[in-house]
Amino acid sequence: MASSASENRLLLSKIATNEKHGENSPYFDGWKAYDQNPFHPTENPEGVIQMGLAENQLSFDLVEEWIRKNPKASICTAEGIEKFRNVANFQDYHGFPEFRQAIATFMSKARGGRVTFDPHRVVMSGGATGANELVMFCLADPGDAFLIPSPYYPAFYRDLGWRTGVQIVPVDCDSSNNFKITKEALEAAYEKAQNNNINVKGLIITNPSNPLGTTLDKDTLESLVTFINQKNIHLVCDEIYAATVFSSPKFTCITEVIQNMNCNPNLIHIVYSLSKDMGFPGLRVGIVYSYNDDVVNIGRKMSSFGLVSSQTQHMLASMLSDEDFVEKFLTTSAKRLAKRHGVFTDGLEEVGINCLKSNAGLFCWMDLRRLLKDQTFDGEMVLWRVIVNEVKLNVSPGSSFKCVEPGWFRVCFANMDDDTVEVALKRIRAFVGQGKKAQEQAQVKIPKKRWQSNLRLSFSSSSRRFEQEGVSVMSPRMMSPHSPMPHSPLLRATT
């Protein structure tokens, strides 16, 4: 049987059978643990709580209210049926003009109205995943590379390189300056790639950052533009979290920066979607906005492989053109994200857990370095397995984001209701309290033993049990030992 499976793989393409899709990684292992045992407040209260999914579910009530009040926006209602034939037959890869206009206007409002966007430069794609891949197909050849500051979104390997053959060259950033991008780090990564005969075609940044939840300031953005102009390489700005900024400093987008710089606009490209800002990952609305005419024209042709459905375009054109709704949604969403962020981080601080100071996003960058038994990536994986299997929280280990320091974890807080947040915090309190109790007992038994501050918790019993059950603790740089589930979490992976 194994031989037959191996022979079958030989009949398939290298793209289909390579491992660059990234599913076999700790990032998706947590998703699998949740799928196997999902939390439910009454039906499965001991299940795994999904805190690895960056979804914005806090303002759905506003969207639902708008839909009820605007039945004509849907071709599947009695009020909107008259538009059914036109919408159902529409297949132009340029998209409905009113949809592109609505997207351009919304992008402006999501950035505080300080910049405007040309609807003729709006190129559709199937979500941010499709938009990122489309940009790679336009800008790079197989084997070419893009620099990306770490930590960065784990599924970039799938989005950017699985089918395109593009490589990722990490730009190492660390906590010494709160993971800020420096010119020295950029130059070092670029030079290393050059020395390895890797052709660097560009730099990709996420602003606001996933997983940090921080925004890049104007000076940093100007330095990045200067860098790519000097190297004559592209700058791709992933701005899919633009409207999730909930506190100061305000969001500064790349368009705002280049307006006042002497730079080559042909090198500047933006990836956007409605998955995070509006909470619509299932609608698969991805956007490429480029200042390069050739990229716009070629990208539009390529978008035929992943268009936004005409029904979705029709509804969103109406929704996003409603100025009162958009203003209310953006304002309310920011307030609710700020409140949820405060509740969650305050709850963590009560038990001595800090997060990187952030002002955007749907998650926190949680610092658990003091809880590591060993200050190594293996130690991070031991802790992560305890959190997933014992505490029953799916959080994402920093190593899956290519963080250079062990002990950081991304934890999402906007994809659940208030009660579930309280359950999650209660579990964390119990977990940390149990560790402190174990430490106190150990100190009583061995009073002369001087404990190091980074050995606050002991996970030896859990580690032994995992080993007895055949679960190995592997380096985060290696593939996960878990087998893929029949329903791949990659089908739902948008963060």
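Against the conditions (1) surrounded by 22 or more Cβ atoms within 10 Å (Cβ to Cβ); (2) closer than 20 Å to Asn232 by Cβ, Tyr152 satisfies every one except (2).
Take residues that are modelled with pLDDT of 95 or more and out of contact with any Gly (no Cβ under 7 Å at 6 or more places or on another chain) and tell me which of the helices (runs of 4 or more DSSP H) falling wholly in region 80-166 contain 1 or more. Outline the logic, then answer.
Details: elements: 84-89, 97-110, 127-139.
Result: 97-110, 127-139.
On the basis of being open to solvent by 60 Å² or more (accessible area, probe 1.4 Å), within 23 Å of Ser13 (Cα to Cα) and in contact (Cβ under 8 Å) with a residue 24 or more places away in the chain, does Arg114 make the cut? When the stated conditions are applied, Arg114 does not pass them. Summed over region 4-61, residues that are surrounded by fewer than 10 Cβ atoms within 10 Å (Cβ to Cβ) and of a type in the set (Ser, Thr, Tyr) total 4. Flag set for Gly347, criterion: more than 22 Å from Ser150 (Cα to Cα), open to solvent by less than 10 Å² (accessible area, probe 1.4 Å) and not hydrophobic (A, V, I, L, M, F, W, C).
The values are calculated or read from the model by the stated rules, or taken from the named source; none is laboratory data. On a predicted model such as this, the values are computed, not experimentally measured, just so you know. Using ideal geometry, Cβ is built from the backbone for each residue, glycine included, and neighbour counts are taken over all protein chains shown. Note: areas computed on protein heavy atoms with side chains; ligands, DNA, RNA excluded. Shrake-Rupley method; radii C 1.70, N 1.55, O 1.52, S 1.80 Å.
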